[in-house]
Amino acid sequence: MSRALSRTLALAATTATILALVVGCSSQPETQMSIEPVTDKSTDCQQVACVALTFDDGPSQYTDEVLDKLAQAQAPGTFFVLGKNVSKYPETLQRMVSEGHQIGSHGFAHKDITTLTREEIEHEVQWSAEAIQEAAGVNPTVFRPPYGAHGAVYNRLIPTPLLLWDVDTLDWSHHDPAQTVEIALDEVQTGSVILLHDIHESSVAAVPELIQKLRDQGYVLVTVDELFAHTDFTAGAVYTKLDTSAGANRTP
Ligand code: NI
């Protein structure tokens, strides 16, 4: 049995114990932080105004705090993790899965794929996927190319859709939670993909207010897979936001 599997089984046993305790003590208020998926997987983003929050470059020392804030808000996120960081935070990745978030790949070592050989790109994809599988037992279903750098000749080597973004909060540049929220709210549209980085404390700090204000405007937060669930979401193709040019109920 692999160590990762042992860890997963141990976690499952602990989870079952906690569940049994919660169910067994139904007269007590439930103060346990939710371990249920935080999102309704049936959300149809062709019918409601969806937005996806995405977090790049982790996991890091701040990622668990992001997960705490998402749990408090009952909001899902999508994490584009770097393979080289994953082995340092396997429990954090297991938490992402058990709490209903999505894990995407950001490559192994944050390399611009347009500067790599075919073999190097395949390694970036494969090594990252292996690290994610080892830590959390899932395969990444989307790939975000570092720096957003892509091109037809490179994209066709990626075995999943390539997911860019349409709202860049520039959180990595200004390190100001208020600006992060302001830029996101200025630029957000129905179907937007919002870019944040879970390697900066200032980005973590922006999360609660950002979620609240997006919801105040009528947006429903979803994972990337949910955002594109009712569309043609194809391996090797590039997406920046959900195309909402057809259909009803397009604005919040
Ligand atoms: Ni990055």
Original post:
Sequence-distant or interchain residues sharing an amide H contact under 5 Å with residue 58, placed H: which?
Top reply: 82, 198
Original post:
Within a Cβ distance under 9 Å of residue 65, other residues only, what is the Lys/Arg minus Asp/Glu net charge?
Top reply: -3
Original post:
Once you sort the root eigenvalues of the Cα gyration tensor of the stretch 77-130 as a ≥ b ≥ c, which label holds: rounded (a/c under 1.5), prolate (a/b larger than b/c) or oblate (the other case)?
Top reply: prolate
**OP:** Among 71, 54, 139, flag the residue with its Cα farthest along the positive direction of the charge dipole of the stretch 41-171, charges on Cβ as +1 for Lys/Arg and -1 for Asp/Glu.
**Re:** 139
Original post:
Dividing the alpha-carbon radius of gyration of the stretch 131-252 by 2.2 N^0.38 Å (N being the number of residues), what value is obtained?
Top reply: 1.13
Subject >> Whether the stretch 79-192 is rounded, prolate or oblate, judged on the alpha carbon gyration tensor where a/c under 1.5 counts as rounded >> reply: oblate
Original post:
To one decimal place, what Kirkwood hydrodynamic radius in Å is obtained for the stretch 135-176 from all pairs of distinct Cα atoms?
Top reply: 12.5 Å
Subject >> Cα-only Debye scattering, the stretch 200-245: base-10 log of I(q)/I(0) at q = 0.25, 0.32 Å⁻¹ >> reply: -0.96, -1.14
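Computed from the coordinates by the stated procedures, all read-outs in this text should not be read as laboratory data. This is a predicted model, so every value here is computed, not measured. Neighbour counts are summed over all protein chains in view; Cβ atoms, including those assigned to glycine, are modelled from backbone coordinates with ideal geometry.
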